[in-house]
1. One residue is enough: does the range 57-69 have a residue meeting the conditions in a strand (DSSP E or B) and at pLDDT 90 or above?
2. How many residues are open to solvent by 30 Å² or more (accessible area, probe 1.4 Å), under 16 Å from L98 (Cα atoms) and over 12 Å from the mean Cα position of the chain (by Cα) when one looks only at the range 70-87?
3. Could you please find all residues in the range 11-31 being within 21 Å of N89 (Cα to Cα), in contact (Cβ under 8 Å) with a residue 40 or more places away in the chain and either among the hydroxyl-bearing types (S, T, Y) or surrounded by fewer than 15 Cβ atoms within 10 Å (Cβ to Cβ) (or both)?
Amino acid sequence: MDLSPTDLKLIDDTALLIEWNDGQRKRYPFSALRKACPCAACRHENDAEAANPMQLTVLSPVDLKPMKVEKMSLAGNYAYRITFSDGHNTGLFTFELLRELGEVVE
């Protein structure tokens, strides 16, 4: 069975709930989605952080605001493009990736 979302809901100002066609429901905190962005720039940034974990990062005022999802749009029949409150929108979150992320909700 190909897994696909059947319902998307905002839980609150910090998270999204996706119900899947097999009945599983998962909660996705916006900040965790942003950190898991699969685009090349974010993967490169995450690799650099992992290689040099002691490097200090100076946070800008934008970084201190809570992350929000401004918009989600379907990209074909396999992914969502998510626009975050920091303006970032280049990652395609495949259904497969989304299924791996998130926290199961009973």
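The values are calculated or read from the model by the stated rules, or taken from the named source; none is laboratory data. Because the structure is predicted, anything quoted here is derived from the model rather than measured. Don't worry about glycine lacking a Cβ; one is built from the backbone with ideal geometry, like all the others, and counts go over all protein chains shown. For accessibility, only protein heavy atoms count, side chains too; no ligands or nucleic acids. Shrake-Rupley method; radii C 1.70, N 1.55, O 1.52, S 1.80 Å.
1. Yes, the range 57-69 contains at least one residue that is in a strand (DSSP E or B) and at pLDDT 90 or above.
2. The total comes to 5.
3. Within the range 11-31, D13, T14, Y28 meet the criteria.
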